[in-house]
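Colleague: Can you read through this structure? Questions will come right after.
The values are calculated or read from the model by the stated rules, or taken from the named source; none is laboratory data. It should be emphasised that the depicted structure is a prediction, and the values quoted were computed from it without experimental measurement. When we count neighbours, we look across all protein chains shown, and the Cβ atoms used for this are built from the backbone with ideal geometry, even at glycine.
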Amino acid sequence: MSIVAGIVLAALVVLLVALPFLREPVAADDRLEAPGEEEARRLSLVEERDRALGALKELEFDHRTGKIGDDDYRELVGPLRREAARALRALEPQRRHGAAPEGLESAEPTARDEVVATPQE
Amino acid sequence: MADLGRAALVVSLGLSVYALVAGIVAARGNRRRLAASARNALFCSFGSTLVAAAVLATALVRHDFSFAYVAAHTNRTLPTAYALSAFWGGQEGSLLLWLLVLTGYGALAVALNRKLLRDLTAWVVPVLGGIASFFAFVLVAVASPFDTQTAPLDGAGLTPSLQNPYMVAHPPMLYLGYVGLAIPFAFAAGAMLSGRTDERWIVATRRWTLAAWTFLGFGQLLGAHWAYVEVGWGGYYAWDPVENAALMPWLAATAFLHSVMIQERKGMLKVWNMVLVALAFELSVFGTFLTRSGVVNSIHSFAKSPIGGWFLAFVVISSLFSMGLIMFRLPLLKARTKLESALSREAAFLYNNLLLVALCLTVLWGVLFPILTQLVKGETRTIGRPYYDFFLRAFGLPLLLLMGIGPLIAWRKASARALLRTLAWPIAVMLVCGAGLVAVGAGSSKPGLIAYTFSAFVLATIVLELVRGARATGSLLTLIGRNRRRYGGYIVHAAVVLLAIGIAGSSAYGRQTEARLVPGQSVAISGYTLTLRAVRVTQTPNATETRALLDVRGPWSGTISSGANQYRFPPEPSREVGIKTNWTRAEDLYVIADDVNPTTKVVYVKVLVKPLVNLIWIAGIVFLLGSAVALWPDAREQRRLVTRLAPARA
């Protein structure tokens, strides 16, 4: 009984391991789908964008909860907005060259800052 | 049955080796079908190991003593739950559990990420296959749980100290933690092997790391409670090498969980994070080596066998592989940004990391020292409790303080003035608490006083964070729901504070006394008077139970019994302590009756009063709650991840 069960187990795993070749004996394209250089660059830009936007949200939340004073906030928010704008521009070349999306370049706090966003970690 | 178990393990070994070799060939040669085949081999390896595990579990439950393992670790009178727990009560069974959890975790992690991270998983499969190959090889060739013999009438039985409900849960919990650390390691190695060292491997393994860390932490607390109620020396952590073996990877993983946030936010510490992931994994394998090799004297070293050499070789080879890989990929792991200020959240995380790793390496040195002195001088010199206690205070107390300061510092850059303003309330709470504690006499222990005041400071910062955050977002639930990871982390911080208070209270302010008693004589401690009433001997099917019965008068009145059991199968003694929790005074009355003589009725008794010790166990529940909050799936995060990676799949 055990021997039969062992043989069945072995046969089953051989079948499953060979399945990709049984399904496609001849593959038109057998290459792994790996991101190319361009895609890797896009991923890197997406990471930069997310990091910059996350940092902006963090800064606003820290300001709102009193961890950061007004002076420090004004000093930090400008470079962060420019960074975020750069990342967004790099990702969206179709946008008007040189224009910052939705007022992100302003170094002064605006009404947008009052929108409280709890940053994600 | 045993043949099926053996065959399943051989099949599992073959599949793991195939996943390793075919996985490497497929990833290097960019071959899609071969990569899918290697992945299927990893999945099947789990299935095959599951068959082997089912065979052993069935043999244990059916008391099939033709299995040498079953005969060595169970007997007929053993209840079914303990018979099943014998699965991890012996060496071969626990190695099988390692392989089962590893292949199960590996299959699930690869299956969940195979579409989004196809290029990464192509390299993750051979890494996991390599680790699984080692464990499967040890199980097939060195320590098989399926060795057979002529069945004896009865088995030897399970070690008495393992016949405890905590032992049903503690070892598997630790294994879930130890083995879970293989997943972030495999993805980190996969990222380096593929040359894609972006953040995808971190995102993919975030919850795996957190889950493994939770299991490891909670498993240690279960073990501490087992030691407290079962081993019966009055403590819960003895800095035993095997206890340390679980603590070290947990400390390294704690450091990683913090430092990885800096990489996610600033693109910094990439090399450091790779080192921490590798360190945590290597320490988890090293822990298994310590437990199972018999190289150190420990209450946990239940078996000594030749597997030690194999494990040591594996630790050395995998460490060299990790270091070589990190060195090879150094150019890809360069940071893009720098630390902007020494007074910032990321700097606080960095200090926290340095302290955690320093504590981890200090413990490692304490574990290695006896082994090294044996190798160099031919004599074993152990490092005692004072060494560990000193470094726990030296690194642990600043860590506790940082746990309070860190969350209140802003990212990037904070001014001293803003920080002081934010910290004003917590500092005030700390000072008031410290003064109050001195007034009630807690100044008798400086470390205890410092631990309490720092704990008050951290709790105040957590409350402040929650109040300010809730005000800003409108409600506490919204606040936590929007950032479960952060606020789950704060709940875990609160658990650590409870743990610190419990440890400080029970060790720095505990009291104890010893006495020789005959019936009618009493011993007094902290307002309690314990009078020996009688000595009782009871015969049970598997043990002779000798108990001293003590009547207690004082803040709590009643009877406590304490003594020892002498088991027949296996013929081993077990100390049985008497514990009474007095919730109104927040303390335990702990009675150890050694050397109970049923003939002369003379009893040597040790009585301890342990203030706040139960906070340690409550901390375990809070720790679980915090981890659950942090681990809870976040649909928004998942959508973001899919959006971010979508074009990569196209």
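Colleague: Residues of region B:500-527 being among the β-branched types (Val, Ile, Thr) and more than 34 Å from the chain's Cα centre (by Cα), which ones? Give the steps one after another, and end with the answer.
Modeller: We begin by selecting, within region B:500-527, every residue among the β-branched types (Val, Ile, Thr); these are B:501, B:503, B:513, B:518, B:523, B:525.
Hits for region B:500-527 are B:Val518, B:Val523, B:Ile525.
Colleague: If you check B:Arg196 against the conditions, is it part of a helix (DSSP H, G or I) and among the charged types (D, E, K, R)?
Modeller: no
Colleague: Pick from region B:397-420 the residues that are free of Cβ contacts under 8 Å to residues at least 60 places away in the same chain and away from chain A (no Cβ under 14 Å): which of them is farthest from B:Glu340 (Cα to Cα)?
Modeller: Per the stated criteria, the residue is B:Leu397.
Colleague: In region B:110-128, what count of residues is obtained for those that are surrounded by fewer than 24 Cβ atoms within 10 Å (Cβ to Cβ) and in a helix (DSSP H, G or I)?
Modeller: Counting residues in region B:110-128 that are surrounded by fewer than 24 Cβ atoms within 10 Å (Cβ to Cβ) and in a helix (DSSP H, G or I) gives 5.
Colleague: Tally up the residues in region B:294-309 that are at pLDDT 70 or above and crowded, with 20+ Cβ neighbours inside 10 Å, please.
Modeller: Filtering region B:294-309 for residues at pLDDT 70 or above gives B:306-309.
This time we only want the ones that are crowded, with 20+ Cβ neighbours inside 10 Å, so: B:307.
Total meeting the criteria: 1.
Colleague: With region B:1-80 as the region, which helices (runs of 4 or more DSSP H) entirely inside it contain at least 3 residues that are more than 11 Å from chain A (Cβ to nearest Cβ), of a type in the set (A, V, I, L, M) and more than 30 Å from B:Pro160 (Cα to Cα)? Outline the logic, then answer.
Modeller: Values: elements: B:2-29, B:32-61, B:68-73.
The qualifying helices (runs of 4 or more DSSP H) are B:2-29.
This table checks each residue for (1) buried (at least 22 other Cβ atoms within 10 Å of the Cβ); (2) farther than 30 Å from B:Asp594 by Cα; (3) without any contact (Cβ under 8 Å) to a residue 40 or more places away in the chain.
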{"position": "B:Leu477", "(1), (2), (3)": "no, yes, yes"}
{"position": "B:Gly488", "(1), (2), (3)": "no, yes, no"}
{"position": "B:Val492", "(1), (2), (3)": "yes, yes, no"}
{"position": "B:Ala504", "(1), (2), (3)": "yes, no, no"}
{"position": "B:Tyr509", "(1), (2), (3)": "no, no, no"}
{"position": "B:Val518", "(1), (2), (3)": "no, no, no"}
{"position": "B:Gly527", "(1), (2), (3)": "no, no, yes"}
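Colleague: If a residue counts only when it is within 33 Å of the chain's Cα centre (by Cα), within 24 Å of B:Ile262 (Cβ to Cβ) and aromatic (Phe, Trp, Tyr), which helices (runs of 4 or more DSSP H) contained entirely in region B:392-495 have at least 3 such residues? Before the answer, list the steps.
Modeller: Values: elements: B:416-439, B:446-473, B:476-482.
Filter on region B:392-495 gives an empty set.
Colleague: Let me ask something additional. In region A:19-73, how many are in contact (Cβ under 8 Å) with a residue 24 or more places away in the chain, surrounded by fewer than 18 Cβ atoms within 10 Å (Cβ to Cβ), at the interface with chain B (Cβ under 9 Å from one of its Cβ atoms) and within 18 Å of B:Lys266 (Cβ to Cβ)?
Modeller: Residues meeting the conditions: 0.
Colleague: Mind listing just one residue for me: the one in region A:1-18 that is more than 8 Å from chain B (Cβ to nearest Cβ) and within 30 Å of B:Ser194 (Cβ to Cβ) and, of those, surrounded by the most Cβ atoms within 10 Å (Cβ to Cβ)?
Modeller: A:Val14
Colleague: Failed condition for B:Ala136, given (1) within 14 Å of another protein chain (Cβ to nearest Cβ); (2) over 15 Å from B:Ser48 (Cβ atoms); (3) crowded, with 24+ Cβ neighbours inside 10 Å, with all others met?
Modeller: All conditions pass for B:Ala136, except number (2).
For every residue, the table says whether it meets (1) assigned to a helix (DSSP H, G or I); (2) more than 30 Å from B:Ala35 (Cα to Cα).
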| site | (1), (2) |
| --- | --- |
| A:Pro25 | no, no |
| A:Val46 | yes, no |
| A:Ala55 | yes, yes |
| A:Glu58 | yes, yes |
| A:Asp72 | yes, yes |
| A:Arg81 | yes, yes |
| A:Ala87 | yes, yes |
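Colleague: Would you confirm, using the coordinates I've provided, whether B:Trp617 is at pLDDT 90 or above, surrounded by fewer than 19 Cβ atoms within 10 Å (Cβ to Cβ) and over 29 Å from B:Arg516 (Cα atoms)?
Modeller: So B:Trp617 fits the description; yes.
Colleague: Scan region B:421-430 residue by residue and report those that are more than 11 Å from chain A (Cβ to nearest Cβ) and of a type outside the set (Val, Ile, Thr).
Modeller: B:Pro426, B:Ala428, B:Met430
Colleague: Considering B:Ala83, B:Ala54, B:Ala35, B:Ala22, which residue is over 25 Å from B:Trp310 (Cβ atoms) and more than 32 Å from the chain's Cα centre (by Cα)?
Modeller: Numbers: B:Ala83 fails: more than 32 Å from the chain's Cα centre (by Cα); B:Ala54 fails: more than 32 Å from the chain's Cα centre (by Cα); B:Ala22 fails: over 25 Å from B:Trp310 (Cβ atoms).
Only one candidate passes the filter, namely B:Ala35.
Colleague: Quick one: B:Pro598 ticks every box in (1) in contact (Cβ under 8 Å) with a residue 24 or more places away in the chain; (2) within 14 Å of chain A (Cβ to nearest Cβ) except a single one, so which number is it?
Modeller: Only one criterion is unmet by B:Pro598, namely (2).
Colleague: Sticking with this one: Here is a check on your reading of the model: is B:Ala428 small (Gly, Ala, Ser), surrounded by 20 or more Cβ atoms within 10 Å (Cβ to Cβ) and at negative phi?
Modeller: In short, no.
Colleague: Now for a different question. In region B:317-348, how many residues are within 28 Å of B:Ala418 (Cα to Cα), in a helix (DSSP H, G or I) and in contact with a helix residue (DSSP H, G or I) (Cβ under 6 Å, 6 or more places away or on another chain)?
Modeller: Counting residues in region B:317-348 that are within 28 Å of B:Ala418 (Cα to Cα), in a helix (DSSP H, G or I) and in contact with a helix residue (DSSP H, G or I) (Cβ under 6 Å, 6 or more places away or on another chain) gives 2.
Colleague: Also: I need the full set of residues from region B:324-346 which are over 32 Å from the mean Cα position of the chain (by Cα), over 19 Å from B:Glu199 (Cα atoms) and of a type in the set (Ser, Thr, Tyr), in order please.
Modeller: B:Ser341
Colleague: Then there's this: Out of (1) buried (at least 19 other Cβ atoms within 10 Å of the Cβ); (2) farther than 30 Å from B:Ile503 by Cβ, what's the single condition that is false for B:Met403?
Modeller: (2)
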